[in-house]
Amino acid sequence: MKLRIILIVLSLLAFLSASTGGYLYYSSLKESALKEAERQADQRLRTIKKNLSIFLAENVKPVKTLAGMQTLRLALAQSNAENLAAANATLDHFKKTLASDECYLMDPDGNTIASTNRDAPDSFVGQNFAFRPYFKDAISGYPGTYLALGTTSGKRGAYYSHPVYAENRYAPVGIVVIKASIELIESQLGAELDEIVLVNDPNGVIFISNRKEWLYHLLWRYNQNNIPLIKQSLQFGTGPWNWTGLESRDDHILDRDGNAYQIQVVELGSNYPGWNVVHLRRLDAITQAVIEPLIKTTGPIVLALCVLIGIAVFFLYRQASHEIRQRRSAEKALRSNEERFRSLYHHTPAMLHSIDPQGRLVSVSAYWAEVMGYGRNEIIGRKLTDFFTPDSREYAETTVIPEFFKTGFCQDIPYQFIKKNGEKIDVLLSAIADRDTKGNIVRSLAVSIDVTQRNRAEEALKQAKEELGLYSRDLERLVRKQTEEITNILTYTPAVVYTKDKAGRYTLVNTRYEELFEVRNTEIRGRTDYDILPQKVAGQFRASDAQVLEEARSLQLEEHIQQSDGLHTYLAVKFPIYDESGAISGVCGILNDITAVKKAQTQLRRLSGSIMANQEKERSAIARELHDELGQVLTALRMDSVWMHERLKKADPEAAERALTMCRLIDKNIEDVRGMAFRLRPGVLDDLGLVDALEWYTADFEKRTEIACVFEHNDVSSLDDGISTAAYRIAQEALTNIARHASASHVEVALKTRNGFLTLTVVDDGLGFDALHLTDSEGLGVAGMRERAALVGGSLDVQSQPRKGTRVSFKVPLDGQPGS
């Protein structure tokens, strides 16, 4: 046995010596290879930086040249179609010559007025980029360079901006921008398979990389305070900007997969402060360059040595194999039991722990540490009561723990733990004692059950019961109050109120209903209209109730009920009643007596009709006086003026000319008097009828206002004087309003009879108005037209919207008129 151990030890020493020598040789080669790789990476990084600097600077001078083009200055000075076309042509030429992505011109407010992508779906024209730093630099008089993701195109680019100056002006009148594609320089990086080249901004956002999946990621673990700044700048879109997973170590960095990289960093240049060019190369690729020649050189030697040692060990080890197998079998069983216990201890979803007689924690389960939020090294060795609240600590140290180490048992002890984040949890702790061979307690085996949620639920339930009780009492009080209010309303309102179910059976009537129909509320419940009301009234009520239920909407109508003092008119409002499920369960009706109002309206309408009839008579009389009296006087004056002109033509030419001027003035007055007389009461309306009167008036309207007016009519026979007068006056008022307010260019007047109705429409293309918001003075004309329409049994409809013209429509039944 001892010999076997000695041989094994000697064999191991020989193997260790060879291994140590090989390792030292390998370490030396590896260090040399790493230094060489670092030198090559530095040289390559400088080459990449140089190429990037050349690329990022190649459009600086072209954009300055472009800013001096006269066509751009003219477009900024006067943005008409000709100047913009010339500016676009210049931008197109520069784009083609420079092979850039886009060229565009912006005014001082940051609005793009010309662009090479003007016809594309993602055109810059009309877009405002005043928030971009390159615009702010250029409009301040400084050329700007900027790397960003396009907010409109969604493409990465290098932006070169330059102020555009007008002649003899020192302040920029706009800026011009050239956008170059980043993909071009990215394709020229020429990175090898085992290296990564990228460019990041001061916040660590990767903007250029030969690894596409890293674009717009954060190179290092980000600071939450930087994210709002990145998002606000819109330089790299709207996010998210995820972390690449790279973490820095002493002399290398690691990615999420555990791959190690050698890193070289150099600043991009003075024009891009804070921007870095980063070169990463995997260490295993560098190490591979060392391992391959090492294996080729030392491999055969090591292999031969291992074979010799293996043969020696094999013969020596055979003698002890049986004993070793037995020992391994026992160790395996022991480890299995230990692993089973450890797995059970740490993976059970319960808080398990053990303390020694001094109350210090000697072990805790993984679930215990997870719930408390601590690492294992923060727990072991501390007193259990350090994690208790003050009240629980005092109770444990003075009562529970001393008693436990006497009896070796405790069950369902209520404690409060304090987690690492300060949160308190309620637990029930039970424990048994683990004793040594002498029976002394050496530690506890305890389990704690989290009852926080249960306690909170019990407390919440208790509180909810209290709140429910308060709510129920408040609800009962509110219901009593509202019931009293509704009862008072139903009792004292002068309106008739009732409710019915869908079958028409009464469920409630108010006091006024009881008085009107001489019934009691208790007697009417469950009965229908036909059981308690006259047949005519019942049919009237039932028909309107059925309409409400069928259409599922409210209804307003007039209903007539015979009372002791005569027939009364009621304004009825009826609406459906819904149950808890949203289905209609019945109908409610509210009836207000409007008999007095209807009588007043009838009297007012008669008075209005009498006033208008008298107005027409007065107008007719005034028109006749103007035509017969004043017209004859003016005619006589004209004849005298002509006579004076003939008499003085030779004797006094100047006086003759004055007489001729008087003649012209008299002719104009005669024409004005005839027009006034016609507008007051056109004789053609009485003599020839409504069609000829409207045809004359529309022609006169077009002549006076220079607004194109078209009159259309079908075969309209003779009409009642009242209807003819009302239609004429409505057309006259509508055309007068158009001339005063509409600013219209075209008017259409149509007079037609169809299906026993006469219809007059006046339509214009003017400014229109909001028919619901007319002032009192503005609404008088419309009110007058409505009154005239109502007096002859017709209706007037006015439709108008701002900037969409107006349509006035008068419709009246002919009721047996000829041609109806």
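Numbers for the structure displayed
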read-out: Residue among A285, A289 that alone is surrounded by 12 or more Cβ atoms within 10 Å (Cβ to Cβ), over 20 Å from S17 (Cα atoms) and modelled with pLDDT under 70; value: A289
read-out: Among (1) assigned to a helix (DSSP H, G or I); (2) at pLDDT below 85; (3) among the small types (G, A, S) - the single one A138 does not satisfy; value: (2)
read-out: Of all residues in the range 63-103 being among the small types (G, A, S) and either not assigned by TED's automatic domain parsing to the domain that holds Y142 or not in a helix (DSSP H, G or I) (or both), the one that is surrounded by the most Cβ atoms within 10 Å (Cβ to Cβ); value: S100
read-out: Among (1) at positive phi; (2) open to solvent by less than 60 Å² (accessible area, probe 1.4 Å); (3) modelled with pLDDT of 80 or more - the single one T725 does not satisfy; value: (1)
read-out: Test result for E523, open to solvent by 90 Å² or more (accessible area, probe 1.4 Å), modelled with pLDDT under 80 and not polar (S, T, N, Q); value: yes
read-out: Residues that are surrounded by fewer than 21 Cβ atoms within 10 Å (Cβ to Cβ), in contact with a strand residue (DSSP E or B) (Cβ under 6 Å, 6 or more places away or on another chain) and more than 16 Å from W275 (Cβ to Cβ), drawn from the range 138-149; value: G141, P143
read-out: Complete set of residues in the range 248-278 that are assigned to a strand (DSSP E or B) and not hydroxyl-bearing (S, T, Y); value: I253, L254, A260, Q262, I263, Q264, V265, V266, E267, N276, V277, V278
read-out: Which numbered condition K481 misses (of (1) on the phi > 0 side of the Ramachandran plot; (2) open to solvent by 70 Å² or more (accessible area, probe 1.4 Å)); value: (1)
read-out: Top-ranked residue of the range 399-433 - restricted to ones that are of a type in the set (S, T, N, Q) and closer than 18 Å to L361 by Cα, ranked as surrounded by the fewest Cβ atoms within 10 Å (Cβ to Cβ); value: S430
read-out: Residue that is nearest to the chain's Cα centre (by Cα), among those in the range 34-57 that are open to solvent by 70 Å² or more (accessible area, probe 1.4 Å) and touching a residue at least 24 places away in the same chain (Cβ under 8 Å); value: N51
read-out: A114 being closer than 22 Å to A57 by Cβ, in a strand (DSSP E or B), open to solvent by less than 70 Å² (accessible area, probe 1.4 Å) and of a type in the set (G, A, S); value: no
read-out: From N225, N271, residue being touching a residue at least 60 places away in the same chain (Cβ under 8 Å), open to solvent by 50 Å² or more (accessible area, probe 1.4 Å) and over 28 Å from K35 (Cα atoms); value: N271
read-out: Total residues in the range 624-651, condition over 11 Å from N669 (Cα atoms), at pLDDT 65 or above, open to solvent by less than 80 Å² (accessible area, probe 1.4 Å) and not hydrophobic (A, V, I, L, M, F, W, C); value: 2
read-out: Residues within the range 444-466 that are under 27 Å from E370 (Cα atoms), of a type in the set (S, T, N, Q) and in a helix (DSSP H, G or I), tallied; value: 3
read-out: Qualifying positions in the range 490-515 - more than 15 Å from C588 (Cα to Cα) and open to solvent by 80 Å² or more (accessible area, probe 1.4 Å); value: Y492, P494, E515
read-out: Every pair of residues 6+ apart whose Cβ atoms lie under 7 Å, when the first sits in the range 434-451 and is at negative phi and open to solvent by less than 60 Å² (accessible area, probe 1.4 Å) while the second is in a loop (DSSP other than H, G, I, E, B) and not charged (D, E, K, R); value: I441/P357; I441/G408; V447/A350
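Condition check ((1) open to solvent by 20 Å² or more (accessible area, probe 1.4 Å); (2) touching a strand residue (DSSP E or B) at 6+ places or on another chain (Cβ under 8 Å); (3) modelled with pLDDT of 90 or more; (4) more than 24 Å from L791 (Cβ to Cβ)) across all residues:
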site: A677; (1), (2), (3), (4): no, no, no, yes
site: L690; (1), (2), (3), (4): no, yes, no, no
site: R704; (1), (2), (3), (4): yes, no, no, yes
site: I707; (1), (2), (3), (4): no, yes, yes, yes
site: D715; (1), (2), (3), (4): yes, yes, no, yes
site: D721; (1), (2), (3), (4): yes, no, no, no
site: R729; (1), (2), (3), (4): no, no, no, no
site: T759; (1), (2), (3), (4): yes, yes, yes, no
site: D770; (1), (2), (3), (4): yes, yes, no, yes
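The values are calculated or read from the model by the stated rules, or taken from the named source; none is laboratory data. Bear in mind that the values here come from a model prediction, so they are computed numbers and not experimental data. All Cβ positions, even for glycine, are placed from backbone atoms using ideal geometry, and neighbour counts span all protein chains on display. When the accessible area is computed, the model is the full protein with side chains, heavy atoms only, and any ligands, DNA or RNA have been set aside. Shrake-Rupley method; radii C 1.70, N 1.55, O 1.52, S 1.80 Å.
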